[in-house]
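Structure first, commentary second.
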Amino acid sequence: QVQLVESGGGLVQAGGSLRLSCAASGRTFSSYVMGWFRQAPGKEREFVATITWSGGSTACADSVKGRFTISRDNAKNTVDLQMNSLKLEDTAIYYCGARPSRQGWYDNWGQGTQVTVSS
């Protein structure tokens, strides 16, 4: 269906910034919701932010509100996550996901990109 590739991860000091990108290709459905999730070692994957391709609506987790911003460029089939004021607890593998708007679960995932925040 849809192939997703994340990029932009790396090592950054607390208080710094990173911008993650997700490039989508392949088959697409009529309408997709895109999302960013993250998973730290020994923890379950958690929601970070979502954005719709139709309507431009966005939502994010309380833990990242005011610090992270999700955006999209439909012409380029990309979704970005701008991360500012990074904290140690933001350290995780970040995954890009996609789902049809009528479906309640994500069934397309990228391979993930590592974000490490140091003191």
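Contact order, relative form, for segment 1-44: 39 percent (alpha carbon pairs under 8 Å, 6 or more residues apart, mean separation divided by residue count). Would you work out the relative contact order for the chain, in percent, from Cα pairs under 8 angstrom that are 6 or more residues apart? Relative contact order comes out at 36 percent.
Under 18 Å Cα to Cα from Lys65, which lysines show up? Leave out anything in the same chain fewer than 8 places away. Straight-line reach from Lys65, under 18 Å: Lys87. In order along segment 106-119, phi translates into HN-Hα couplings of 7, 10, 10, 9, x, 7, x, 9, 7, 10, 10, 10, 10, 6 Hz, rounded to whole numbers, per the Karplus curve 6.51 cos²θ - 1.76 cosθ + 1.60 with θ = phi - 60° and x for Gly and Pro. Partners of Lys76 within straight-line reach, counting aspartates and glutamates whose Cα lies under 20 Å from its Cα and excluding those fewer than 8 residues away in the same chain: Glu6. At a probe radius of 1.4 angstrom, the accessible area of the chain per residue rounds to 54 square angstrom.
The Cys residues in the chain with no partner Cys Cβ within less than 4.7 Å of their Cβ are Cys60. Loop-located GluC sites (Glu not before Pro) in segment 1-99 (DSSP state not H, G, I, E or B) with no more than 11 neighbouring Cβ atoms inside 10 Å: Glu44. Largest to smallest in accessible area, the residues Trp53, Trp105 fall in the order Trp105, Trp53 (1.4 Å probe, all protein chains included).
Taking Lys and Arg as +1 and Asp and Glu as -1, the other residues whose beta-carbon sits under 14 Å from that of Ser21 total 0.
Solvent-free Debye calculation, one equal scatterer per alpha-carbon of segment 37-119: log10 I(q)/I(0) at 0.20, 0.25 Å⁻¹ equals -1.01, -1.50.
The values are calculated or read from the model by the stated rules, or taken from the named source; none is laboratory data. Quantities reported herein were computed from a predicted structural model and do not represent experimental measurements. Don't worry about glycine lacking a Cβ; one is built from the backbone with ideal geometry, like all the others, and counts go over all protein chains shown. What goes into the accessible areas is simple: the full protein's heavy atoms, side chains included, and nothing from ligands, DNA or RNA. Shrake-Rupley method; radii C 1.70, N 1.55, O 1.52, S 1.80 Å.
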